[in-house]
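Every read-out reported here was derived from the displayed coordinates using simple, explicitly stated rules and does not represent laboratory data. No experiment lies behind these values; they were computed from the predicted model shown. Reconstructed Cβ throughout: ideal geometry from the backbone, glycine too, with neighbour counts over all protein chains shown.
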């Protein structure tokens with residue numbers, strides 16, 4: 001089964017040395033996932049200020065500048081992993097780097113019959 | 001009650017947990033297991049009334065439940081393929097008889113770990129454990145948590161759906177997850193017992209919830225005899241439960257621990273707890289549950305010695321506050337300190353408590369302050385604290401106790 005691991009973090013972190021370290025850790029994790037046959041995709045996202053939300057209300061569509069939810073912690077990237085169960089997916093989620101404060105949401109993906 | 005019903009009740013009491021757990025683990029579906037077990041119980045009453053009870057009622061229930069779960073699984077599969085339901089096959093007495101010789105595997109530990117998975121909300125874990133493992137009715141669980149049967153049913157359904165849809169592993173966790181998973185199990189049992197304890201003060205049919213939590217903690221200690229904190233929690237629950245008969249007076253007024261009639265305490269539970277704590281100590285890894293149990297064991301010793309070793313209790317609280325700091329433990333330590341030294345020392349410690357809300361609006365603080373002020377001979381402050389405490393909606397038994405104290409100060 002596939003799980004989407006959504007990375008939420010504070011976009012305030014700008015220290016280039018720390019960012020470089022985190023990026024390197026992501027590269028290592030990606031390699032580890034690939035080697036384990038668990039890697040099914042993943043990307044880093046540009047900052048939420050670049051986001052556009054297309055909202056439909058009562059069938060009428062409108063555009064909004066910004067992310068879906070204006071919160072301090074924003075969606076910053078994701079991994080898609082192939083895992084036998086939630087526990088295995090959580091084990092991958094725990095390995096995702098991101099500094100001292102961040103959150104990973106683990107969501108199972110509907111599998112097509 | 002008919003003979004068949006009596007035999008069924010006996011089999012459910014002795015082997016119900018094992019059968020439910022074995023079905024759940026075998027089919028990896030809690031709903032299906034529940035339905036299969038209910039079906040088997042229903043069939044049992046019919047068949048046993050007609051043919052007399054089987055030689056091994058538990059094995060019979062397991063065999064029929066398993067067959068039912070197979071059928072349910074097959075029908076679900078057929079439905080998925082958008083065909084008509086196959087007619088339910090006649091139960092085959094031969095197969096039931098053959099299966100009866102297969103021992104029921106003990107899957108209770110695996111099921112505990114599934115129900116207490118940390119990916120489930122704590123209140124969902126408790127409800128799921130009491131429902132699935134112990135077989136408590138949804139209505140009974142709902143009453144203990146002061147919610148409706150519908151709301152509790154929905155909570156259970158959500159939890160079961162998450163286990164299925166997110167695919168929570170039906171396995172005993174490996175060493176990499178062991179600490180976190182075991183902690184979740186212990187916390188679940190601790191909260192369940194705390195609720196049972198509260199529940200016991202008012203409800204009339206309360207004993208069953210406490211009894212089931214007691215049993216569950218004993219079962220866990222039996223299944224994990226080398227985990228000292230598991231033994232510690234089982235001891236803690238036994239020690240607390242041993243005092244149930246002494247907690248309220250005839251008028252329903254709370255009696256504080258240090259004033260309880262020790263002759264009313266349950267010897268058997270205290271002895272069991274002592275045995276558990278000894279075994280835990282031999283394993284040589286201390287922890288918060290063992291420390292809390294040790295505090296209660298020190299209180300229990302008053303039964304034999306006639307006095308409480310308050311100094312020891314303060315020292316144990318000091319250790320507990322290092323491994324698991326909490327405002328409640330701080331309050332209790334302050335009260336013990338007052339007994340070990342004097343009321344002023346206790347009041348000083350009490351003033352330093354880091355309460356979860358404004359200290360003055362926190363019931364345990366005001367209740368403890370009232371006691372310590374009275375002890376120090378400061379009646380006016382004691383009355384003030386009691387009035388404050390009464391305004392913070394204490395439980396009925398405690399309200400009566402506080403009111404009585406207030407009346408005593410006035411005279």
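Among B:379, B:217, which comes first, then next, by fewest other beta-carbon atoms within 10 Å? It would help to have the intermediate numbers written out before the result.
Numbers: B:379 13, B:217 26.
In order of increasing Cβ crowding within 10 Å: B:379, B:217.
Which order do the peptides B:362-369, A:44-51, B:326-333 come out in when sorted by mean C-beta neighbours inside 10 angstrom, highest first?
Details: B:362-369: 23.0, A:44-51: 12.1, B:326-333: 18.9.
Packing proxy ranking, top to bottom: B:362-369, B:326-333, A:44-51.
Hey, what number do you get for chain A at 222 nm if only DSSP H runs of n ≥ 4 count, each worth -39500 (n - 2.57), divided across all residues, to the nearest 500?
-8500 deg cm²/dmol
Given a Förster distance of 35 angstrom, what is the FRET efficiency for residue A:102 paired with residue B:28, based on the Cβ-Cβ distance and rounded to 0.05?
Details: r = 33 Å, r/R0 = 0.93.
The formula returns an efficiency of 0.60 here.
Rounded to the nearest angstrom and ordered from largest down, what semi-axes does the equivalent ellipsoid of region B:1-89 get from its C-alpha gyration tensor (root of 5λ)? Each step should come with its number before you reach the end.
Working: eigenvalues 136, 46, 14 Å².
So the three semi-axes of region B:1-89 are 26, 15, 8 Å.
Give me A:92, B:265, A:110 ranked fewest to most by other Cβ atoms within 10 Å of their Cβ, as a rough exposure proxy. Please list the in-between numbers first.
On the way: A:92 22, B:265 19, A:110 8.
Ordered by Cβ neighbours within 10 Å, fewest first: A:110, B:265, A:92.
Top mean-square fluctuation among B:311, B:232, B:377, Gaussian network model of chain B, C-alpha springs under 10 Å?
Highest fluctuation of the listed residues: B:377.
Run through every distinct alpha carbon pair of region B:225-308 and return the Kirkwood hydrodynamic radius in angstroms, one decimal place.
On the way: mean 1/r = 0.0768 Å⁻¹.
For region B:225-308, inverting the mean 1/r across all distinct Cα pairs yields 13.0 Å.
Classify region B:308-399 as rounded, prolate or oblate, taking a ≥ b ≥ c as the square roots of the eigenvalues of its Cα gyration tensor: rounded when a/c is under 1.5, otherwise prolate if a/b is larger than b/c and oblate if not. Provide the component values of the computation, followed by the final result.
On the way: a/c = 1.94, a/b = 1.31, b/c = 1.47.
In terms of gyration-tensor shape, oblate.
Can you work out the FRET efficiency for the pair residue B:278 and residue B:395, with r the C-beta to C-beta distance and R0 = 45 Å, to the nearest 0.05?
Values: r = 34 Å, r/R0 = 0.76.
According to the calculation, E is roughly 0.85.
Return A:102, B:62, A:78 ranked ascending by Cβ neighbour count within 10 Å, so the fewest neighbours appear first.
On the way: A:102 16, B:62 28, A:78 20.
Exposure proxy ranking, most exposed first: A:102, A:78, B:62.
By its C-alpha gyration tensor, with a ≥ b ≥ c as the square roots of the eigenvalues, how is region B:112-236 shaped: rounded for a/c under 1.5, else prolate for a/b larger than b/c, else oblate? Intermediate results must be reported in sequence, preceding the final value.
Working: a/c = 2.32, a/b = 1.16, b/c = 1.99.
Oblate is the answer for region B:112-236, as a/c is 1.5 or above yet b/c matches or exceeds a/b.
Taking the alpha-carbon centroid of each part, what is the distance from region B:206-250 to region B:116-165 in angstrom?
Cα centres, region B:206-250 to region B:116-165: 21 Å.
Can you give the calculated 222 nm mean residue ellipticity of chain B, where each DSSP H run of n ≥ 4 adds -39,500 (n - 2.57) and the sum is split over every residue, rounded to the nearest 500 deg cm²/dmol?
Details: 20 runs with 285 residues, N = 411.
One gets -22500 deg cm²/dmol as the mean residue ellipticity at 222 nm.
In degrees between 0 and 90, to the nearest 10, how far off the longest principal axis of chain B does helix B:207-223 point, with axes built from Cα atoms?
Around 80 degrees separate the two axes.
If you line up the long axis of helix B:288-300 against the longest principal axis of chain B, both from Cα atoms, how many degrees apart are they, to the nearest 10?
On a 0 to 90 degree scale, this one is about 60.
So what are the radius of gyration and Dmax for the Cα set of chain B, in Å?
Radius of gyration, then largest Cα-Cα span, for chain B: 24.9, 82 Å.
Taking springs between alpha-carbon atoms closer than 10 angstrom, which of B:294, B:166, B:124 fluctuates most in the Gaussian network model of chain B?
Looking only at B:294, B:166, B:124, the largest GNM fluctuation is found for B:166.
How big is D for the protein assembly as shown, in µm² s⁻¹ as a whole number, if Stokes-Einstein is applied with the Kirkwood radius of its Cα pairs at 37 °C and 0.692 mPa s? Please list the in-between numbers first.
On the way: Rh = 27.2 Å.
The estimated diffusion coefficient comes to 121 µm²/s.
Given springs between every Cα pair under 10 Å in a Gaussian network model of chain B, which of B:14, B:129, B:240 has the largest fluctuation?
B:14
Using a/c under 1.5 as the rounded threshold, could you call chain A rounded, prolate or oblate? The axes a ≥ b ≥ c are square roots of the C-alpha gyration tensor eigenvalues, and prolate needs a/b larger than b/c, oblate otherwise. Intermediate values should be presented prior to the final figure.
Values: a/c = 2.37, a/b = 1.21, b/c = 1.96.
Oblate shape, in that a/c is at least 1.5 and b/c is the bigger or equal ratio.
Rounding to the nearest 10 and keeping the result within 0 to 90°, find how far the Cα-based axis of helix B:178-202 lies from the longest principal axis of chain B.
That works out to roughly 70 degrees.
Could you tell me the distance between the Cα centroids of region B:1-62 and region A:1-53, to the nearest Å?
That distance is 51 Å.
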